[in-house]
Amino acid sequence: MSDKYDVVVIGGGPAGYVAAIKAAQLGLSTACVEQWVDDKGKVVLGGTCCNIGCIPSKALLDSSHKFAEARDRFAHHGIEIESPSIDVAAMQARKQKVVTQLVGGIAGLFKHNGVTSIIGTGKVIAGAKVEVTDAAGEQTVLEAGNVIVAAGSVPVNIPPAPVDNEYIIDSTGALELEEVPARLGVIGAGVIGLELGSVWRRLGSEVVMLEALEEFLPMMDQQIAKEAAKIFKKQGLDIRLGTRVTGAEVVDGAVQVTYSNAEGEHSETFDKLIVAVGRKPRSEELFSSDSGISLDERGFIYVNDFCETEAPHVYAIGDIVRGPMLAHKGSEEGIMVVERIAGKQTQINYDCIPSVIYTHPEVAAVGKTEQELKAEGVDYKAGVFPFAASGRALAADDSEGMVKLLADAETDRILGCHVVGPSAADLVQQVVIAMEFGSSAEDLALTVFGHPTLSEAVHEAALAVDGHAIHIANRKKRS
Ligand code: FAD
Ligand code: NAD
């Protein structure tokens with residue numbers, strides 16, 4: 001094994017492994033250093049996303065959705081079944097099978113593309129070199145033409161509710177529960193809280209979510225967030241805003257949580273408590289003091305728009321740098337960085353990164369929200385189309401929510417799209433493509449959409465921007 005590479009990547013998550021594969025595809029000699037090993041000492045690639053994030057959470061969301069459909073909705077279609085029961089062990093085994101398949105797939109891709117996989121903990125040292133420490137404490141120094149740091153993130157802890165991995169758990173623990181807790185508390189009504197709270201709610205838990213902020217999903221378009229809050233409430237998620245958790249103590253096999261809100265002090269008892277209050281960059285002990293790398297005030301590695309750190313030939317991508325903590329954002333950064341190393345002028349359009357909450361219905365967004373446009377003083381127009389007027393959504397018995405499209409009042413250029421509703425992630429993705437091509441709302445309005453599809457709701461929202469929708473009464477006068 002050579003200790004000299006064109007590219008050394010630290011971290012085999014979706015940012016790092018994609019960068020490594022792409023670098024090898026571009027003909028660069030590439031190594032990927034990953035510290036995560038399984039119980040047999042074999043490297044585990046895929047990072048948070050494949051092992052304890054995107055993929056296992058979606059596997060449980062899909063299983064629990066099917067269960068809830070069978071229990072609550074099949075009868076609407078005239079399908080009569082005995083009350084279904086859930087085998088949590090089988091559900092978890094299926095989830096693990098999906099994870100194992102994907103993680104094994106990445107190892108296969110490394111082999112196929114000629115990426116060298118190195119097990120150990122990487123550290124950037126001066127001169128763009130990487131020091132790797134293995135499990136036995138042995139150190140090797142890799143000479144790297146370029147270093148890409150993709151060490152990811154870890155959950156934030158809060159002092160009133162220290163995670164004990166038994167009763168008080170983080171997202172990883174919440175993905176591994178072996179039985180359905182009768183009462184589940186969740187601190188944080190953000191993305192993880194809503195997704196994992198939904199999984200266990202659908203399976204029968206009584207779920208109480210304690211959220212510090214007064215506003216629900218403040219980063220989302222507030223019209224969409226309000227609609228989502230109504231839907232989640234109907235599903236039985238008890239979301240309590242404006243709460244301050246003051247303590248969590250395990251007593252007689254249950255967690256007693258104390259919190260305060262505008263009405264005063266309260267306490268609740270839960271079988272399990274999930275702490276989901278955000279994630280922070282894993283930037284400790286990752287570089288030597290003379291490496292030339294610096295951190296911003298929140299602990300993210302400081303980079304410019306091209307993911308270049310302040311040290312020559314050292315880049316950082318994914319959750320460890322500014323921007324949304326999303327797998328696809330990190331992967332795109334990985335591709336941009338290695339293409340630039342290979343001499344291309346690749347850039348990322350950071351204004352066009354979609355985000356999704358995989359509840360049912362999904363909540364998805366790209367671009368500016370209405371409140372952002374107002375704050376920025378942008379003159380905009382909005383088109384909204386409810387799924388209640390979509391033939392396909394009604395046929396599918398899945399007609400909650402709406403599509404909202406925002407466009408510049410003068411140029412008609414699409415500025416944002418926000419959806420709560422069935423297949424919101426895929427619908428927003430259509431608008432991401434349109435935005436990437438600099439499309440106007442009229443371009444979408446003039447596009448032919450198949451019938452009957454959920455996509456027609458995007459078409460109608462685009463038509464509604466100028467008061468031309470067909471299947472709802474337009475508020476604005478046709479011009
Ligand atoms: P990570 O995936 O965290 O990977 C970093 C890797 O680096 C790890 O494998 C780690 O072991 C390794 N490493 C760290 N330090 C070192 C070192 N010094 N030496 C060697 N190796 C090191 N995002 C989405 O886009 N969609 C979703 O649906 C979604 N769902 C999520 C659900 C949950 C429950 C969670 C927790 C996250 C979810 N995310 C989702 C976020 C997504 O998982 C992250 O944005 C993504 O994994 C970040 O990728 P990354 O490569 O930057 O870091
Ligand atoms: P988040 O930022 O989405 O939500 C955290 C929530 O906790 C916020 O609403 C915040 O106000 C609240 N909070 C913070 N401190 C609190 C406290 N002391 N008491 C009560 N509430 C408190 O973070 P998350 O849900 O932990 O997810 C972490 C990251 O992982 C996110 O940034 C997200 O990008 C990523 N992720 C993405 C997906 C997805 O793309 N579908 C899924 C899961 C996670």
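Which residues' amide hydrogens lie under 5 Å from the amide hydrogen of Val149, considering only partners 5 or more residues apart or on another chain, with H built in the peptide plane?
Here Ile10, Tyr315, Ala316, Ile317 satisfy the definition.
Please give the direction-averaged projected area of the C-alpha convex hull for the chain, in square nanometres with one decimal.
Computed as one quarter of the Cα hull surface, the answer is 25.9 nm².
Return the equivalent ellipsoid semi-axes of the range 1-132 as a descending list in whole Å, where each equals the square root of 5 times an eigenvalue of the C-alpha gyration tensor.
41, 14, 11
Can you compute the FRET efficiency between Ala93 and Val37 using 1/(1 + (r/R0)^6), with r the Cβ-Cβ distance and R0 = 30 Å? Round to the nearest 0.05.
0.85
Report, by chain and number, residues whose modeled amide H sits under 5 Å from the one on Thr346, excluding near sequence neighbours (fewer than 5 apart, same chain).
Counting only residues 5 or more places away or on other chains, the set is Arg340.
Can you give the relative contact order of the chain as a percent, counting alpha carbon pairs under 8 Å and 6+ residues apart?
14 percent
Can you sort His459, His471, His112 from fewest to most other Cβ atoms within 10 Å of each residue's own Cβ?
If I rank by nearby Cβ atoms, fewest first, I get His112, His471, His459.
For the range 168-277, how big is the tail of P(r) above 18 Å, as a whole percent of Cα pairs?
Across the range 168-277, Cα pairs with separations above 18 Å total 46 percent.
For an R0 of 45 angstrom, estimate the FRET efficiency from the Cβ-Cβ distance between Asn113 and Ser289 and round to the nearest 0.05.
Efficiency for this residue pair is about 0.85.
Over the alpha carbons of the range 352-464, what is the largest minus smallest coordinate on each principal axis, giving the biggest first in Å?
Principal axes ranked by extent give 39, 29, 21 Å for the Cα atoms.
Normalising by the residue count of the range 305-368, find the relative contact order in percent from Cα pairs under 8 Å and 6+ residues apart.
21 percent
Can you compute the modelled spin-label distance between Arg244 and Phe437, with each label point 7 Å from Cα toward Cβ, in nm?
5.2 nm
Among Phe306, His468, Phe287, whose Cα lies farthest out toward the positive end of the dipole of the chain, if unit charges sit on the beta carbon of Lys, Arg (+1) and Asp, Glu (-1)?
Highest projection toward the positive end goes to His468.
Exposure proxy check: Leu326, Leu463 ranked by fewest other beta carbons within 10 Å?
Ordered from fewest to most neighbouring Cβ atoms within 10 Å, Leu326, Leu463 come out as Leu326, Leu463.
Taking the Cβ-Cβ separation of His313 and His76 as r and a Förster radius of 60 Å, what is the calculated FRET efficiency to the nearest 0.05?
It comes to 0.50.
Once phi is turned into θ = phi - 60°, what whole-Hz ³J(HN,Hα) does the Karplus curve with 6.51, -1.76 and 1.60 give for every residue of the range 421-436, x standing for Gly and Pro?
Coupling constants for the range 421-436: x, x, 6, 4, 4, 6, 5, 5, 4, 4, 6, 4, 4, 4, 5, 4 Hz.
I need the semi-axes of the equivalent ellipsoid of the range 417-479: take the C-alpha gyration tensor, multiply each eigenvalue by 5, square-root it, list largest first in whole angstrom.
For the range 417-479, the semi-axes come out at 18, 14, 11 Å.
With N set to the number of residues, divide the alpha-carbon radius of gyration of the range 230-317 by 2.2 N^0.38 Å and report two decimals.
1.74
Read phi for every residue in the range 284-295 and hand back ³J(HN,Hα) as whole Hz from Karplus 6.51 cos²θ - 1.76 cosθ + 1.60, θ = phi - 60°, with x for Gly and Pro.
7, 6, 9, 8, 7, 5, 9, 6, x, 7, 10, 9
List every residue whose amide H lies under 5 Å from the amide H of Leu142, counting only residues 5 or more places away in sequence or on a different chain, with H placed 1.01 Å from N in the peptide plane.
Distant-sequence amide H within range of Leu142: Val130, Glu131, Val132.
Going through the range 262-333, which GluC sites (Glu not before Pro) have at most 12 other Cβ atoms within 10 Å and a DSSP loop state?
Glu263, Glu284, Glu285, Glu297
How do Ser289, Ser439 line up, fewest other C-beta atoms within 10 Å first?
Ascending Cβ contact count within 10 Å gives the list Ser289, Ser439.
Any read-out appearing in this document is the output of simple, stated calculations on the displayed coordinates, not a laboratory observation. Note that the structure is predicted; figures quoted are calculated from it, not measured. No Cβ is skipped: glycine too gets one built from the backbone with ideal geometry, and neighbour counts run over all protein chains shown.
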